[in-house]
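For reference, the structure is listed below as structure tokens.
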Amino acid sequence: MNRHNQQNSLTPKALIYRIVITVTALFIVCLYMPRDERSTYQFDVGKPWRYSQLIATYDFPIYKSTETIQTEQDSILQHYEPYFAIDETVGKEQIEKFKATINGQKPATIPANYLAYVENKLEHIYAQGVMDTEDFDQMHSDEVASIRIFAQNVAKEQPMTQVFSHKTAYEYLIDLGEDSLHYDRRVLRKCNLSDYIVPNLTYDKTKSEESRKDLLSSLSYSSGMVMSGQKIIDRGDIVDKETYDILTSLEKEYTRRNTSKMQTHTVLLGQMLYVALIIACLTLYFNLFRRDYLANTRHILFIASMPVIYPLITSFLIKHNLFNVYIIPFAMAPIFIRVFMDSRTAFVTHVATVLISAISLKYPYEFIATQLVAGMVAIYSLRELSQRSQLIRSAFYVTLASIAFYMSMELIHEKDFARLEYGMYIYIIINGILLLFAYPLLFLFEKVFGFTSNVTLVELSNTNNELLKRLSEVAPGTFQHSMQVANLATEVANKIGAKALLVRTGALYHDIGKMNSPAYFTENQNNFNPHDRISYEQSAAIVISHVKDGLKLADKYNLPQVIKDFISTHHGKGKTKYFLISYKNQNPDEDNHINSYDEIPIGKPTVPEVTMGLSLGVDYAGFDFSAVLSGVANRSFYLNNAAVWALQNNNKVTALAYGAWEKGVRESDATFPRLTTENNLNNYRSSSFWIKNGNFLRLSNVELGYQLPSSVLRKVNIKQLRLYVNGQNLLSIDKLGKYNLDPEVVDAGVTGYPMMRSFNIGINMKF
């Protein structure tokens, strides 16, 4: 049966995984998309107006650009004067402290004339004002020319050149200037003048901010008005700078007037619907044509990552105004999918990725067309990646095709080479250079998702590879055998249209386990057969063990899983018939010889092989929602305790056993083996019937909360108030429900109390 036409049925668990992946991708993409309202017009300076004549239907101002407003603000703030309060008592206290200190020295070390000199200088310093060092540096950093000093409701202007800091005040005290003939600086240093310099100016934030607002209030945010009925632009007219400002102002006014109709949540709803429809179409494609991919979780995760990563990068560049979206190598996505999967899937996924990314752009149509062309060229030029040079050639073709296509669209609208945006072609060239990084990223995706590219297969099939070289040295006969099998298998694969490179590589490694005991295999023997000295059971065990030994070597050398599959399956489910027949010939009376090799494990380990957890969270407009999913897989339980016995409490038949074997009840639906009146048969017998599937997926926690706006809470003097409702253990998907057992508390046949389902309503309040 063709693998593309297989009807792969999904288990409930697998279906839940895919739903969670889809919903998560939807929320992540839509959460970070820009939601600013945009007009339906697309325009740029120097470009012709593509639409019909535009006439203003209402009056609106011509808003200044952000750059213009910033320039005018900077010009106005040059006259800004922060307010500082002066404490006149500080200077008096420090002068008195200085006089007391000097006069109290016994014997006197400072002449009396120095006392008066320093006192006069201190009075001058504190009259001008001493500012804290941090505030002083901030004023100079902000290039403040003067400040306002107020005392007793009177404010005076003071140039910053006349205001002291601790450092400049000390320098002023020490600097003698023209008085150097009368005073000695060494004597002044003995006075410890630094101890008497204390800031007496305090920054008044309230008055300063009011002054700043008063200055900025004079700033006009518009440069004119457009009156209702006025013609703005006509079809074919070139958009100049003045017209561009008018059109931009029209967009802003349109958004302002329609705020009540176009709320952000409405835009979010539209984006979610748009993305959901595209994802639904992508899922429909897989359901119709690639159900084998849909049944594989690794494939689904890999494909879903593309419509998530690229729209996120696009949204990030748009929000932060970084570079140009044409710099993003969208063609890298179809390259990855083509290398690991097929061309049709690569193109469909690329279309979905581009369409989702395009809704964040101002010019989506040119972007979509250009990226689709780039994607198709990338898929066609890189049908089989086996050499690095192929990727370089593909990047060149993609760049050339993108430039040619974008130029063709520009010439259609501009009709003149002089008006082409040559800067765009630089971004496209950078895009082509970034495509070269697909080669190292291929190895990253191989490790993360467990894929195997042709490049890896080519490297592994090289006979100079460490493992193959060792095989040729340790077991040369096995190496030659593997080479012959590889050549034959390659020819067969080419004839039937299979993956010849994969088949050849797998054939080269299928017998590597023989290296542990090469002499026990015919192709490596030379006139001596060690099997002659051991039993048939030992011989069979050695031959069979080369599969396990091969898998251990594969793990040691990090061989891909697809190669491990060749090692583990190349003997199928057959037996070592030579030794089996030889044994039967020598032991005709032992037709049913059972030993340890006949053991077949039943069920899975009690300890789960896979433990899963998923946490989802959304926070928007004060509302928050979170959910936690948990579960385990590959686990079995053996139920052998009294809770599942049929006869309990003086041999009363439990509800579990009632109707277990009534007419119409299928064997698979039976809750209990057939009862018997004889002691210790079916009633209490240990059997595989009681080995049950212990896998479960549980909705452990769901919480919905709402944070009241701070504007409302301020009126009642509350800092924070959050209302919430949550539920614990709301849903469990498992196979133990009919036994009234909780899979999370069942352990080795011992049952405990089930996990309680609970609901809580609460309030978090902070005063």
Given Cα pairs under 8 Å that are at least 6 residues apart, what percent is the relative contact order of segment 454-598?
21 percent
Please report the net charge: other residues with Cβ closer than 14 Å to the Cβ of TYR244, K and R +1, D and E -1.
-2
What does the charge count near PHE289 come to, summing +1 for each Lys or Arg and -1 for each Asp or Glu among other residues with Cβ under 11 Å from its Cβ?
+1
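Which pairs in the list LYS99/LYS190; LYS548/LYS584; LYS604/LYS735; LYS121/LYS205 are over 19 Å apart, alpha-carbon to alpha-carbon? Don't skip to the answer; put the middle values down first.
Values: LYS99/LYS190 14 Å; LYS548/LYS584 26 Å; LYS604/LYS735 14 Å; LYS121/LYS205 30 Å.
From LYS99/LYS190; LYS548/LYS584; LYS604/LYS735; LYS121/LYS205, over 19 Å: LYS548/LYS584; LYS121/LYS205.
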Hey, got the dipole for segment 101-197? About the Cα centre, +1 on K and R Cβ, -1 on D and E Cβ, debye to the nearest 20?
520 debye
Return the distance in nm (one decimal) between the two label points of a simple spin-label model at ILE761 and GLU466, each offset 7 Å from Cα along Cα→Cβ.
6.5 nm
Can you give me the Cα centroid spacing of segment 418-484 and segment 316-385 in angstrom?
22 Å
Rounded to whole Hz, the Karplus (6.51, -1.76, 1.60) HN-Hα couplings of segment 89-101, x for glycine and proline:
6, 5, x, 4, 5, 6, 5, 5, 5, 5, 5, 5, 5
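Using a 10 Å cut-off around each Cβ, can you sort LYS362, LYS604 from fewest to most neighbouring Cβ atoms? Show your work: numbers first, answer last.
Working: LYS362 13, LYS604 17.
By the 10 Å Cβ count, ascending: LYS362, LYS604.
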Gyration tensor verdict on segment 454-598 (Cα atoms; rounded if a/c is under 1.5, prolate if a/b is larger than b/c, oblate otherwise)
prolate
Can you work out the FRET efficiency for the pair TYR183 and GLU210, with r the C-beta to C-beta distance and R0 = 60 Å, to the nearest 0.05?
0.85
What do you get for Rg/Rh over segment 81-184 if you use C-alpha atoms and the Kirkwood form of Rh?
1.03
LEU730 paired with ILE232, simple spin-label distance in nm, labels 7 Å along Cα-to-beta-carbon:
4.7 nm
Given the candidates HIS546, TYR509, GLY574, the one whose Cα lies deepest towards the positive end of the charge dipole of segment 500-579, counting +1 at each Lys or Arg C-beta and -1 at each Asp or Glu C-beta, is GLY574
Cβ charges +1 (Lys, Arg) and -1 (Asp, Glu), total dipole of segment 454-598, debye
380 debye
Between PHE164, ILE174, ALA116, whose Cα lies farthest towards the positive end of the dipole of segment 76-216 when Lys and Arg beta carbons carry +1 and Asp and Glu beta carbons carry -1, centred on the Cα centre?
ALA116
Cα→Cβ-extended label distance, 7 Å offset, between ASP624 and ALA116, nm:
7.2 nm
Which residues' amide hydrogens lie under 5 Å from the amide hydrogen of SER636, considering only partners 5 or more residues apart or on another chain, with H built in the peptide plane?
LYS604, THR606, GLY694
Computed P(r) (all Cα pairs; segment 270-323; 5 Å bins; percent):
4, 17, 20, 22, 16, 11, 6, 4, 0
Could you tell me the center-to-center distance, by alpha carbons, between segment 121-159 and segment 54-109 in angstrom?
7 Å
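Read the figures in this text as sums done on the coordinates, not as results from a lab. None of these values were measured; they are calculated from a predicted model. Heads up, the Cβs are rebuilt from the backbone with ideal geometry, glycines too, and the neighbour counts pull from every protein chain shown.
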